[in-house]
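Colleague: Please find one structure pasted underneath; my questions will follow.
The values are calculated or read from the model by the stated rules, or taken from the named source; none is laboratory data. Computed from a predicted model, the values in this text were never measured in an experiment. Positions of Cβ are backbone-derived with ideal geometry, glycine not excepted, and every protein chain shown enters the neighbour counts.
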Amino acid sequence: MRKFAIWALLSAGLLLIVSAAAWGAGEKAKPEYVGAKKCKGCHKDQHKSWLETKHAKTFDVLSDEEKKKPECVSCHITGKTAKGEVLEGVQCEACHGPASKYKSIKIMNKKKWAADPETYQKKAVEAGLIHPTEENCKRCHKKEGNPNFKKFDFAKSKPLVHVMKSAPTSTEEAKKSTDTTSKK
């Protein structure tokens with residue numbers, strides 16, 4: 001009887017461990033920030049353009065005292081990487097979402113994207129890519145809690161963030177942007 005009780009207890013424990021592992025494996029890992037340096041690898045022109053914007057310098061405009069206040073820092077940094085690196089400024093992912101999943105070469109592949117932009121656009125969005133809207137911007141560009149608030153106009157502000165054309169969204173645009181034989 002005692003052997004049976006020990007065997008039953010060990011079996012129940014093993015079942016509990018296996019069940020917990022299977023349950024945890026079914027959860028999707030939350031996308032994480034990777035930083036503008038990673039984005040720059042494929043998006044050199046966009047990165048160079050972004051460096052000239054106010055968004056790239058938002059953390060630098062804070063005073064030392066403001067840099068200690070969570071209510072200030074929350075809109076002047078992008079977040080932290082999985083390794084704990086603070087991503088200063090409003091980097092790519094502050095607007096486009098944490099890139100750990102959509103930066104995959106299976107999704108961000110220039111040739112595949114050019115051949116079928118709608119499919120790869122959909123895959124990127126499913127993996128967490130955000131196409132910023134006015135509402136995204138208004139998380140920070142709002143009067144509440146912002147002593148330096150200036151009236152925000154999304155239509156006028158958007159071109160100042162992306163001073164160059166973004167990635168193509170249609171098949172024709174994609175083909176034009178990857179056609180190296182066409183004359184300019």
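Residue by residue, here is whether (1) closer than 28 Å to Ala29 by Cα; (2) in contact with a Lys or Arg (Cβ under 8 Å, 6 or more places away or on another chain); (3) modelled with pLDDT of 90 or more holds:
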| position | (1), (2), (3) |
| --- | --- |
| Ala114 | no, yes, yes |
| Asn148 | no, no, no |
| Val161 | no, no, no |
| Thr178 | no, yes, no |
| Lys183 | no, no, no |
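Colleague: Would you mention how many residues in region 65-87 are more than 22 Å from Ser100 (Cα to Cα) and either at pLDDT 95 or above or under 15 Å from the mean Cα position of the chain (by Cα) (or both)?
Modeller: Number satisfying all stated conditions: 0.
Colleague: Give region 51-87 a look and list any residue that's more than 18 Å from Cys137 (Cα to Cα) and in a loop (DSSP other than H, G, I, E, B), or say none.
Modeller: Glu52, Asp60, Val61, Leu62, Ser63, Asp64, Glu65, Lys69, Ala82, Lys83, Gly84, Glu85
Colleague: Counting only residues that are outside any helix (DSSP H, G or I) and closer than 28 Å to Ser104 by Cα, how many does region 125-148 have?
Modeller: 8
Colleague: Evaluate region 103-120: report whether one residue or more is hydrophobic (A, V, I, L, M, F, W, C), surrounded by fewer than 15 Cβ atoms within 10 Å (Cβ to Cβ), more than 13 Å from the chain's Cα centre (by Cα) and part of a helix (DSSP H, G or I).
Modeller: Yes, some residue in region 103-120 is hydrophobic (A, V, I, L, M, F, W, C), surrounded by fewer than 15 Cβ atoms within 10 Å (Cβ to Cβ), more than 13 Å from the chain's Cα centre (by Cα) and part of a helix (DSSP H, G or I).
Colleague: Can you tell me how many residues within region 88-102 are closer than 29 Å to Lys122 by Cβ, touching a strand residue (DSSP E or B) at 6+ places or on another chain (Cβ under 8 Å) and assigned to a loop (DSSP other than H, G, I, E, B)?
Modeller: 5
Colleague: Further, regarding this structure: Which members of region 69-102 meet the condition of being surrounded by fewer than 13 Cβ atoms within 10 Å (Cβ to Cβ), in contact (Cβ under 8 Å) with a residue 24 or more places away in the chain and either farther than 28 Å from Glu52 by Cβ or among the basic types (Lys, Arg) (or both)?
Modeller: Ala82, the sole residue that qualifies.
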